[in-house]
Amino acid sequence: MSESRITALEERMAYQDQTIEELNGTVMALWKEIEGLKRQLARLGEQLEEVSADLPQQPDRRPPHY
């Protein structure tokens, strides 16, 4: 292989390494955001259950337009 081809390959590899690191950072940030959203959704589900438990129970009736 000629030296210019080796240099081109080394440059390409360095660029790919940088891109992989940037993508890894993005994936990690998104993962943290997803985990936070999961926790928030769980809290909201618990709050909804609490509010639903405090509401008076309505019999299952069809709406008046039926």
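The values are calculated or read from the model by the stated rules, or taken from the named source; none is laboratory data. Bear in mind that the values here come from a model prediction, so they are computed numbers and not experimental data. Here Cβ is always computed from backbone atoms with ideal geometry, including for glycine, and neighbour counts include all displayed protein chains.
In this structure, is Leu48 surrounded by 10 or more Cβ atoms within 10 Å (Cβ to Cβ), at pLDDT below 95 and either part of a helix (DSSP H, G or I) or not basic (Lys, Arg) (or both)? Here the answer is yes, as Leu48 does meet what is asked.
Within region 5-16, the set of residues being surrounded by 10 or more Cβ atoms within 10 Å (Cβ to Cβ) and not small (Gly, Ala, Ser) comprises Ile6, Thr7, Leu9, Glu10, Glu11, Arg12, Met13, Tyr15, Gln16. Taking the criterion of being at pLDDT 95 or above and either among the aromatic types (Phe, Trp, Tyr) or touching a Phe, Trp or Tyr at 6+ places or on another chain (Cβ under 8 Å) (or both), would at least one residue in region 13-36 satisfy it? Within region 13-36, one or more residues are at pLDDT 95 or above and either among the aromatic types (Phe, Trp, Tyr) or touching a Phe, Trp or Tyr at 6+ places or on another chain (Cβ under 8 Å) (or both).
Let me confirm something: among Ala29, Ala53, which residue is surrounded by 10 or more Cβ atoms within 10 Å (Cβ to Cβ) and part of a helix (DSSP H, G or I)? If you could, list the steps in order and put the result at the bottom.
Numbers: Ala53 fails: surrounded by 10 or more Cβ atoms within 10 Å (Cβ to Cβ).
Only one candidate qualifies: Ala29.
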